[in-house]
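Chemist: For reference, the structure I am asking about is given below.
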Amino acid sequence: MKGFAPVFEVQLPKQMGRPLSEEAVCQSYRLLAAVLKRNPEVKGLYASSWYHDPAVAVINPRLRFLNELFLQNGGLIHRLDTTPHCIEDALLKSTTRQRLYAEGKYLPTSYARYWARNAMLAWAEAGAGFTTQPCVGAP
Ligand SMILES: CC(C)(COP(=O)(O)OP(=O)(O)OC[C@H]1O[C@@H](n2cnc3c(N)ncnc32)[C@H](O)[C@@H]1OP(=O)(O)O)[C@@H](O)C(=O)NCCC(=O)NCCS
């Protein structure tokens, strides 16, 4: 990233029953890339969340696309910590994660993700989706 600030930090609100789709996440990052392009001082994107923990993709393979984006397009993830807030969010909507946590087989853990400006813009300009599918609305 060549520095710590300024960066975009994104938050995902509780989805009120809606699953997190690859298409919606892709469109969100595409919009962010457009804003990034107009703001040359911004170094890229930073966020932290429980759903970038590789264990989550093993439990729910439908969420695997979240990490594939970063690993395939120049981003970086790394482990942070377990916090009460992270546990609350990770268990909120999934009875499977709740059960595995209760059985001591899953401990929600926060992971950081970094996506440097050049890598993010290259991804957006290539017009590809996160993984193999083109994004709806891609140029
Ligand atoms: C992040 C989040 C949006 C992901 O939701 P998701 O795409 O539905 O994925 P989840 O793994 O959380 O799935 C939750 C449940 O919905 C089910 N589900 C997901 N998509 C489904 C669909 N299309 N049809 C039926 N059920 C579905 C899953 O099977 C899962 O249930 P289970 O684990 O008991 O089997 C959601 O977990 C959430 O809102 N969390 C709280 C907010 C949060 O964590 N914000 C981020 C803070 S860093």
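What follows is calculated from the coordinates using simple rules that are stated; it is not laboratory data. Keep in mind the model is a prediction, meaning the values are calculated, not measured. Glycine also receives a Cβ, built like all others from the backbone with ideal geometry; neighbour counts cover every protein chain displayed.
Chemist: I'd like the Karplus ³J(HN,Hα) series for segment 110-124: coefficients 6.51, -1.76, 1.60, θ = phi - 60°, whole numbers in Hz, and an x wherever there's a Gly or Pro.
Modeler: 7, 10, 8, 10, 10, 9, 5, 3, 4, 5, 5, 5, 5, 4, 5
Chemist: Let me check against my output: what whole-number percent is the relative contact order of the chain, with C-alpha pairs under 8 Å and at least 6 apart?
Modeler: 33
Chemist: On to the next question. Starting from one equal scatterer on each C-alpha and no solvent at all, send me the Debye-based log10 I(q)/I(0) for segment 20-82 at q = 0.15, 0.18, 0.26, 0.30 Å⁻¹, two decimals.
Modeler: Evaluating at q = 0.15, 0.18, 0.26, 0.30 Å⁻¹ gives log10 I(q)/I(0) of -0.53, -0.75, -1.27, -1.40.
Chemist: Within a Cβ distance under 14 Å of Thr82, other residues only, what is the Lys/Arg minus Asp/Glu net charge?
Modeler: Taking every other residue near Thr82 into account, the sum is -2.
Chemist: Output wanted: per-residue J couplings in Hz (rounded whole) for segment 20-32, from phi through Karplus 6.51 cos²θ - 1.76 cosθ + 1.60, θ = phi - 60°, x for Gly and Pro.
Modeler: 7, 9, 4, 4, 5, 5, 4, 5, 4, 5, 5, 5, 4
Chemist: Using unit Cβ charges (K, R positive; D, E negative) and no other charged atoms, how large, in debye to the nearest 20, is the dipole of segment 1-98 about its Cα centre?
Modeler: The calculated dipole for segment 1-98 is roughly 220 debye.
Chemist: Give me the orientation-averaged projected area of the Cα convex hull of segment 1-137, in nm², one decimal.
Modeler: Averaged projected area of segment 1-137's Cα convex hull equals 8.4 nm².
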